[in-house]
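Undergrad: Handing you a structure now.
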Amino acid sequence: MKKNILVAPNSFKECANSVEIASLFQTAFDKLIPEDLKKIIEFHYKPISDGGDGFLEIANNYFSLELLHFEISYPHSDEKFLCPVGYSMQDNKVYIESALVLGLNLVPEDKRNPLLLTSKGMGELIEQLVESAENGFLEIKELVIGIGGTATNDMGLGMMSRFGFELFDKDKSKLDLLPANFIKADKVKYNKKKLPFDITIVHDVNNPLLGKEGATMVYALQKGAGEKDLDILEKGLENILGLIGCDEETKMKLNGAGGGLAGAFQLFFDAKLKSAEKFIFEDLGIAENVYDFVLTGEGKFDFQSRYEKGSYLIIKKYAPEGIPVYVVCGEAEGDLPEEENIHIIELAEYFESLEESIEKIDEGILTAAKIIAREILHQFTIKN
């Protein structure tokens, strides 16, 4: 009976997507694994996405989508760019990756300040999809939106500006829909809009909108916020939720992925939430086989990974079963899993700097593949 090895990396943010990482491992293992051992081993290359960076590439890889492009605004300016989405003619679904709409990579480093960034580009995109559906250009039953990797922290209110959402101060003056102004707001105006299609959200983290484990406190710093900005952002979101009459029970149910973008889809469009776990193991079919050895990974493996990030979901499923799990990452920090059968390979250790490991990702993956290939050779040669 053949031994099954799962290779299921997540994307390495701002470096390489998961399809590219899986391909690099496949090329390496094809060279490193002896022919006689290949006869008893079957590799299953199944790159994953938890809704964050690389979601569209993964959807296209598994579902053979038609790529379409729509002109939308950047998060930091009114300048336009062409944003890709994927369309499935078979089931009339549109796949959207929020990181390609509002991602950090779209925003110059000197503009990365979530107090001043807006999600209006997502609103412009959905507007155009509504128009395409209503004029018969596209038959759309559902939008499947992977949410994660955004530069924004505006709870999707920039998006909602395209659907009539307005903000006013105590003097009844209209405010720009930017997080810096949320704390100044005294009144909101909006009408809930019924869309001609359903929306399903695949979220890359399972954390709340508010609180110490919420969108702002966990992720705003890496988006360019300063320590002093966190209180402004958090209190601003709380103020807006109060103005729209959101009760405590509803607040607790709002998802914080994408700087609260997921929460906006819940509040204003009655979107369904689909966990990254369900998307990976059911929609992508990762759990179709029984595996004897597992490889996963992502760019940075740290405490945030425990918020149901893709690589951690792979670990959580297979490590308790006693299956060896190798985690390949650019760097690892913080409180990491200590189970005996979890092995972390940190690529930065094999280069002069983290930056060099990013520039030479192909060399890093080859190095990791050599380490793993030796273990595969040792384990399966002895057992067989």
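Undergrad: Assess whether SER173 counts as being buried (at least 20 other Cβ atoms within 10 Å of the Cβ) and of a type in the set (Ser, Thr, Tyr).
TA: Numbers: buried (at least 20 other Cβ atoms within 10 Å of the Cβ): no; of a type in the set (Ser, Thr, Tyr): yes.
Answer is no for this residue.
Undergrad: Now a separate question. Can you tell me which residue among ASN191, ASN135, ASN181 is open to solvent by 30 Å² or more (accessible area, probe 1.4 Å) and farther than 28 Å from LEU68 by Cβ?
TA: On the way: ASN135 fails: farther than 28 Å from LEU68 by Cβ; ASN181 fails: open to solvent by 30 Å² or more (accessible area, probe 1.4 Å).
Of the residues listed, the single one that is open to solvent by 30 Å² or more (accessible area, probe 1.4 Å) and farther than 28 Å from LEU68 by Cβ is ASN191.
Undergrad: Oh, and also: Yes or no: segment 292-309 includes at least one residue that is surrounded by fewer than 23 Cβ atoms within 10 Å (Cβ to Cβ), over 16 Å from the mean Cα position of the chain (by Cα) and of a type in the set (Val, Ile, Thr).
TA: Checked against the condition, which is being surrounded by fewer than 23 Cβ atoms within 10 Å (Cβ to Cβ), over 16 Å from the mean Cα position of the chain (by Cα) and of a type in the set (Val, Ile, Thr), segment 292-309 yields no hits at all.
Undergrad: Could you please let me know if VAL218 is modelled with pLDDT of 95 or more, open to solvent by less than 60 Å² (accessible area, probe 1.4 Å) and aliphatic (A, V, I, L, M)? Talk me through it step by step, then tell me what you get.
TA: Working: modelled with pLDDT of 95 or more: no; open to solvent by less than 60 Å² (accessible area, probe 1.4 Å): yes; aliphatic (A, V, I, L, M): yes.
Here the answer is no, as VAL218 does not meet what is asked.
Undergrad: Name the residues in segment 255-267 that are among the hydrophobic types (A, V, I, L, M, F, W, C) and open to solvent by 10 Å² or more (accessible area, probe 1.4 Å), would you?
TA: Within segment 255-267, the subset among the hydrophobic types (A, V, I, L, M, F, W, C) is 257, 261-262, 264-265, 267.
Matches in segment 255-267: LEU267 only.
Undergrad: In addition: Only one of LEU56, LEU24, LEU37 is open to solvent by less than 60 Å² (accessible area, probe 1.4 Å), farther than 20 Å from LEU104 by Cα and at pLDDT 95 or above. Can you tell me which? Even if it seems obvious, please write down each step before you answer.
TA: Values: LEU56 fails: farther than 20 Å from LEU104 by Cα; LEU37 fails: at pLDDT 95 or above.
Within the list LEU56, LEU24, LEU37, the selection yields LEU24.
Undergrad: Which numbered condition in (1) over 28 Å from ASP283 (Cβ atoms); (2) crowded, with 20+ Cβ neighbours inside 10 Å is the only one that ILE201 fails?
TA: Evaluating ILE201 over (1) over 28 Å from ASP283 (Cβ atoms); (2) crowded, with 20+ Cβ neighbours inside 10 Å leaves (1) as the failure.
Undergrad: Tell me which residues, restricted to segment 1-17, are at pLDDT 95 or above and surrounded by 19 or more Cβ atoms within 10 Å (Cβ to Cβ).
TA: Residues satisfying the conditions are ILE5, LEU6, VAL7, ALA8, PRO9.
Undergrad: Follow-up. Would you point out which residue out of LEU117, LEU129, LEU100 is crowded, with 19+ Cβ neighbours inside 10 Å, in contact (Cβ under 8 Å) with a residue 40 or more places away in the chain and in contact with a Lys or Arg (Cβ under 9 Å, 6 or more places away or on another chain)? Talk me through it step by step, then tell me what you get.
TA: Details: LEU129 fails: in contact with a Lys or Arg (Cβ under 9 Å, 6 or more places away or on another chain); LEU100 fails: in contact with a Lys or Arg (Cβ under 9 Å, 6 or more places away or on another chain).
Being crowded, with 19+ Cβ neighbours inside 10 Å, in contact (Cβ under 8 Å) with a residue 40 or more places away in the chain and in contact with a Lys or Arg (Cβ under 9 Å, 6 or more places away or on another chain) holds for just one of LEU117, LEU129, LEU100, which is LEU117.
The values are calculated or read from the model by the stated rules, or taken from the named source; none is laboratory data. What you see is a predicted model, and the numbers here were worked out from it, not measured in a lab. A quick note on method: Cβ atoms are made from the backbone with ideal geometry, for glycine too, and the neighbour counts reach across all protein chains shown. What goes into the accessible areas is simple: the full protein's heavy atoms, side chains included, and nothing from ligands, DNA or RNA. Shrake-Rupley method; radii C 1.70, N 1.55, O 1.52, S 1.80 Å.
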